[in-house]
Amino acid sequence: MTAQEINDRIQNTFADSVLEFNDTVLQPYLKINPAKFYEVCQYLRDNEDMDFNFLNSVSGVDYGEDLGVVYHLYSMTRKHKIVLKVILPRENPQVSSIADLWRTADWHEREVYDLFGVVFLNHPNLRRILLPDDWEGYPLRKDYVQPETYNGIPVLHPDMRGDSK
Amino acid sequence: MEPILQFFYNLVPGLADLPLWIAATIVGAIVVVAMFTYIALFALIGIWLERKISGHMQDRLGPMEVGGWHGWAQTIADTVKLLLKEDIVPDKADKPLFRFAPILVFAAALSAFAAIPWSRSFIPANLNVGLLYILSISSLVVIGILMGGWASNNKWSLYGGMRAVAQIVSYEIPVSLSLIVAVLIAGTLDMQQIVLNQSGSILSWNVFRFFPFPFIAFFIYFIASLAEVNRTPFDLPEAESELVAGFQTEYSGMRWSFFMLAEYADMFVVAAIATTVFLGGWQAPFEFLTFIPAAFWFLGKALLIVFVQMWLRWTLPRLRVDQLMYTAWKVLTPFSFALIVFVSLWKIL
Amino acid sequence: MKKDNLPAAQFEVEVPDTLKTEEMTLNMGPQHPSTHGVLRVVLKTDGEIIKSAEPVIGYLHRCFEKHAENVTWHQVIPFTDRLDYIASMNNNLGYVIGLERMMNLQVNERAEYLRVIVSELNRIASHLIALGTYGLDIGAFTPFLYVFRDRERILDLFEEICGARLLYNYIWVGGVAYDAPQGWRDKVLQFIDYFVPKIKEYNDILTYNKIFIDRTAKVGVIPADVAINYGLSGPSLRGSGVEFDLRKDDPYSIYDRFDFNVCTGKGQMGTVGDTWDRYWVRVAEMYESAKIVRQAAEQLPEGDAKETVPRNIKVPAGEYYMRTETPRGELGYYIISDGGKTPNRVKVRSPAYCNLSVLPAIAPGVMVADMVAIIGSLDIVLGEVDR
Amino acid sequence: MGEYFKNIYKAIVTILIGMGVTWRHLFTRAVTIQYPHVKRELPPRSRQKLFVDIDDCIGCFQCARACPVDCIDIETVKAGKEEDLGETSTGQKKRLHVVKFDIDLTKCCYCADCVFPCPTECIVMTPKYEFSTYDRFDLIEHFSAYSAEEAEKLKERDRKEKEALAAARAAKMQAAPKPPSSDKPGPSA
């Protein structure tokens, strides 16, 4: 099924769920309304013609003004793929978790939370995964400033601290 | 002790004039020191051999540097290092038990040497229940291991200790039962007598008499004895890929080397028992070879078995706990019972 | 979850209510001989039986994604080496192909063939390590050194072609860093001739050993639908009987020109999807990789492998999710370019990360020793899990 | 029951097969080499220690820019008008004093990315791999041909020249305020 068909099906099933559809790029993507996101995902997984049984990855992206979460989906049976994007505000970004649809999303979402601070609602275990639990800030945001110390330990290389060379 | 006492009386004429208890104490001390030296030497050579054998089996050379020729002094250097290491006792350990465990393990291993016949005359303690003595004294090892595992106050050590108890206690049964097969044939528990019963050619060794029952018993004994001394594929108590180092996780330096010494001593003890009971002890395989000293034959056979133990270690993976128990209770034990029945019937008929 | 039908726990012990028992919390790692790096698994155990397992990762986090945003397009390649340091060639390949597709760059034929040869050789090397360390986990030490012996030969080949033995930085945008030296192709063919019979030796000493089979068969079973749902890929997915290989299903480079099979677990020794199947898929894949290497080396065209390497890498604004089949599974690079000199974002979807996430689901009910077998069979590389 | 005996049989046979493999290996030649006594000859492409032929260096900073870990530290000083620094072996004219060319081998990741852009092929990776030291700072390799004093002197001269130039320009600016010409800033570390 092509991206266009997938887009049409979703738009017909869920009103104003797709905010933008773009298939002029290398990999066509759909921008999904965060409010409808969970339903769309459920539809994509469970519908016979869609059958997206494999979630490749969940990536956080910092677009400057907004944050985004990008989902790459693939169907092993139908051999088609689609990219879903959810655009979230910088302050208090929230989107519903799909960890109960694809269990692999559990760790992926934790990673996005860890590095971008996107909160996934109804996630079973939303904690930091790669960084220490008491790390402050979300390092992959473009406006992240590296702290000078972590628990009182200087973390910057002397070259970067500027006090010695 | 009589023959040895006699031997020393001949060697040192003045000794016979002393009261028996003093003479016996002196001679006993000499024998103990000799045994200890032997164990230490055997461990040194055994560890070196194990390294060389494993090296060559793995397409490498093993130690090659220390001492010159094929790294012969490697284990000596290691021993010196171990002895010089700081003695660490974990803060939260049960200190008296922690300190006592390696000594107990080693003492048990050392005591087992008392009843092993090295030649016609040399047997430190010629007990008429020698086999029973060895079996019972060597099961003391398990108490030491559990003690060490428990006292370390480390979960991995605890696992190792518990596994060791389950394993060694279970495997005592096939060990004893398979030895009973040979005892049935020999009709005695006296180690020296068992050896003397097998005099003659290689065909009069227990392992080849009443073929194939004692042969299978020997096989069972060998497998079960591997478990007794915690060697691969039954090295679960120290299973390094699961339990870090098992019961010896918290031990280091001198105390750890006692465990190591005990392991190699035990390896030799079980090999010596197998030799004595099944392979004709110090007897030469053929009449015309009797001019070679008995101790050579004894050592040769025992070391051959030790070599097979090492060979297996560097070939096999490790069993799981439940499979270990399965092997003991559902394979080795029934088989050895069946062997006892067959051999008894054969003897009766 | 609707599609969850994990098998019943393997070992269940009925404890009478009168007996007071306690669960023990056991920290397996971060320093543990068989967690393949600095993985920590918090185990709740009831004696030898595991009640729950929770992997704790991040001990080897080196901020790859943050690094990638601060260096030029080309300078990311040495960093990709360090993700999965056992299969660096395959790591380079995914990133580079992703960039080439964004740039719409055609690569010289000879370079394509060299890429396939080195990545398949690296796949063999990686599977060899997986085999050896798996033997080590199960308690057999010797196979470990046999596989290292043969892996060394592959590393020698790599050293000859690119100078490095572990972190190659060999596959470049538009081609490869160095052309193959004189006689290298023959050495590759010689190696394949030498290597294929050696696999029998591993099978003799390890694969078909009864103790090994007992330890691995019917342990850590992952049914196919669970595997897919947890995002498993590579040999871990194929071990569950799913015939899915990106080299066939979503071909990249020139893999569509070669004749090879996708190996799947068939449950020869127990259940489909047990640890033995995952192990066996790796053994079988070594045969297939050897087949590919032989074909590629025989067809290797003449030419200049560096012909199409651009002097300056200009990536047009856009984004691409490139996935390739590494020895561990689907390695995805989600690359976003804003047309500048440095990547805007490089997200790595690492296969080991997803494969490891299935651990809590299959751990309950197995023994501590099985835990080691399961972790080993997933063949994780912590450098890639933590990035 | 049949399964039971089959298992025992299989166990014994496969163990014997495995023992056969190790037995054969007991008598095969070792594949290892005794390292400090025997040394493997590394292929010519081997990427080990970096080496800079400073006589050929023109101070172009290409390598420093290519380095992903910033382990190359170069400082240059413009040659005076009358000074002739000679030519590189490839025939390029040298116009800069390379007063500092430090490579921090503790940072180096041996990727060889610096080797390719060099226009005079003066930075290369050599097959020399034994360079461990007792002090980390000994791993910072100084390739510059100038001693510290000479380098300091040259830098001092450069600073003075620049100051003079800036003063002259400022004077010019005051005399006739014009938009500043796009001057080439001297490369700085």
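Only one of the numbered conditions (1) within 14 Å of chain C (Cβ to nearest Cβ); (2) touching a residue at least 24 places away in the same chain (Cβ under 8 Å) is violated by B:R60, and that is (2). Assessment of region B:259-278 against the conditions (farther than 21 Å from B:V141 by Cα and of a type in the set (F, W, Y)) yields at least one matching residue. Within region C:356-365, the set of residues being crowded, with 22+ Cβ neighbours inside 10 Å and more than 10 Å from chain A (Cβ to nearest Cβ) comprises C:I362, C:A363.
So which helices (runs of 4 or more DSSP H) are wholly in region B:220-327 and hold at least 2 residues that are within 14 Å of another protein chain (Cβ to nearest Cβ) and open to solvent by less than 10 Å² (accessible area, probe 1.4 Å)?
Numbers: elements: B:240-243, B:253-278, B:294-313, B:321-326.
Because the criterion is at least 2 residues that are within 14 Å of another protein chain (Cβ to nearest Cβ) and open to solvent by less than 10 Å² (accessible area, probe 1.4 Å), the helices (runs of 4 or more DSSP H) in region B:220-327 that meet it are B:240-243, B:294-313.
Can you go through D:T28, D:T90 and tell me which one is open to solvent by 40 Å² or more (accessible area, probe 1.4 Å), within 14 Å of chain C (Cβ to nearest Cβ) and not aliphatic (A, V, I, L, M)? Steps first, please.
Details: D:T90 fails: within 14 Å of chain C (Cβ to nearest Cβ).
One residue alone meets the criteria, D:T28.
Might you check whether a residue that is over 29 Å from A:T24 (Cα atoms), under 19 Å from the mean Cα position of the chain (by Cα) and modelled with pLDDT under 90 occurs anywhere in region C:307-319? Within region C:307-319 (the criterion being over 29 Å from A:T24 (Cα atoms), under 19 Å from the mean Cα position of the chain (by Cα) and modelled with pLDDT under 90), the answer is no, since none of the residues qualifies.
At pLDDT 85 or above and more than 27 Å from D:P43 (Cβ to Cβ), is that true of D:Y134? It is true that D:Y134 is at pLDDT 85 or above and more than 27 Å from D:P43 (Cβ to Cβ). Under the condition of being over 23 Å from D:Y134 (Cβ atoms) and open to solvent by 40 Å² or more (accessible area, probe 1.4 Å), the residues counted in region D:97-121 number 5.
Checking every residue in region C:80-96 against the condition of being in contact (Cβ under 8 Å) with a residue 24 or more places away in the chain and farther than 24 Å from C:Y334 by Cβ gives zero matches. Looking only at region C:60-101, filter to residues that are of a type in the set (D, E, K, R), within 16 Å of C:A164 (Cβ to Cβ) and within 14 Å of chain D (Cβ to nearest Cβ); which one of those is least open to solvent (accessible area, probe 1.4 Å)? Filtering first and then ranking leaves C:D81.
Taking into account only those residues within region C:163-189 that are without any contact (Cβ under 8 Å) to a residue 12 or more places away in the chain and farther than 16 Å from C:L93 by Cβ, which is surrounded by the most Cβ atoms within 10 Å (Cβ to Cβ)? Outline the logic, then answer.
So in region C:163-189, the residues without any contact (Cβ under 8 Å) to a residue 12 or more places away in the chain come out as C:164-165, C:182-183, C:186.
Filter again for farther than 16 Å from C:L93 by Cβ, leaving C:165, C:182-183, C:186.
Working: C:R165: 15, C:Q182: 7, C:G183: 10, C:D186: 10.
The residue in question is C:R165.
Filtered by the rule that a residue be within 14 Å of another protein chain (Cβ to nearest Cβ), in contact (Cβ under 8 Å) with a residue 60 or more places away in the chain and open to solvent by 30 Å² or more (accessible area, probe 1.4 Å), region B:155-182 gives a lone residue, B:A166.
Does D:L16 fit the bill of being within 14 Å of chain C (Cβ to nearest Cβ) and under 20 Å from D:P127 (Cβ atoms)?
On the way: within 14 Å of chain C (Cβ to nearest Cβ): yes; under 20 Å from D:P127 (Cβ atoms): no.
So D:L16 fails the test.
Taking the listed residues C:V283, C:V315, C:V272, C:V309, the one that is of a type in the set (V, I, T) and either free of Cβ contacts under 8 Å to residues at least 12 places away in the same chain or buried (at least 23 other Cβ atoms within 10 Å of the Cβ) (or both) is C:V315, with no other qualifying. Look at (1) part of a helix (DSSP H, G or I); (2) over 25 Å from C:D204 (Cβ atoms); (3) open to solvent by 40 Å² or more (accessible area, probe 1.4 Å) and you find that B:S344 fails only one, number (3).
Among the strands (runs of 3 or more DSSP E) confined to region A:16-128, the ones with at least 2 residues that are away from chain C (no Cβ under 13 Å) and either of a type in the set (D, E) or open to solvent by less than 10 Å² (accessible area, probe 1.4 Å) (or both) are located at A:29-32, A:81-89. For beta carbons closer than 6 Å, sequence separation of 6+ or different chains, a first residue in region C:144-160 that is within 14 Å of chain B (Cβ to nearest Cβ) and a second that is in a helix (DSSP H, G or I) and surrounded by fewer than 19 Cβ atoms within 10 Å (Cβ to Cβ), the qualifying pairs are C:D150/C:K198.
The listed residues are C:V188, C:V242, and the only one of them that is on the phi < 0 side of the Ramachandran plot and assigned to a helix (DSSP H, G or I) turns out to be C:V188. Applying the condition of being open to solvent by 50 Å² or more (accessible area, probe 1.4 Å) and facing chain C (nearest Cβ under 8 Å) to region D:31-60 and asking which residue is nearest to C:K187 (Cα to Cα) yields D:R45. Given the condition more than 14 Å from every other protein chain (Cβ to nearest Cβ), over 30 Å from B:R60 (Cα atoms) and of a type in the set (S, T, Y), answer yes or no: does some residue in region D:62-78 qualify? Yes, the conditions are met somewhere in region D:62-78. Residues that are away from chain B (no Cβ under 14 Å), open to solvent by 20 Å² or more (accessible area, probe 1.4 Å), among the β-branched types (V, I, T) and out of contact with any Gly (no Cβ under 7 Å at 6 or more places or on another chain) do occur in region C:190-198.
Select from region D:118-149 the residues that are touching a residue at least 12 places away in the same chain (Cβ under 8 Å) and farther than 14 Å from D:V52 by Cβ and list them in ascending order. Let's see the steps before the verdict.
Step one: of region D:118-149, the residues touching a residue at least 12 places away in the same chain (Cβ under 8 Å) are D:118-129, D:131, D:136, D:139-146.
Hits for region D:118-149 are D:P127, D:Y129, D:F131, D:R136, D:L139.
The values are calculated or read from the model by the stated rules, or taken from the named source; none is laboratory data. Since this is a predicted model, take the numbers as computed values, not measurements. Don't worry about glycine lacking a Cβ; one is built from the backbone with ideal geometry, like all the others, and counts go over all protein chains shown. To get the accessible areas, we keep the full protein, side chains included, count just its heavy atoms, and leave off ligands, DNA and RNA. Shrake-Rupley method; radii C 1.70, N 1.55, O 1.52, S 1.80 Å.
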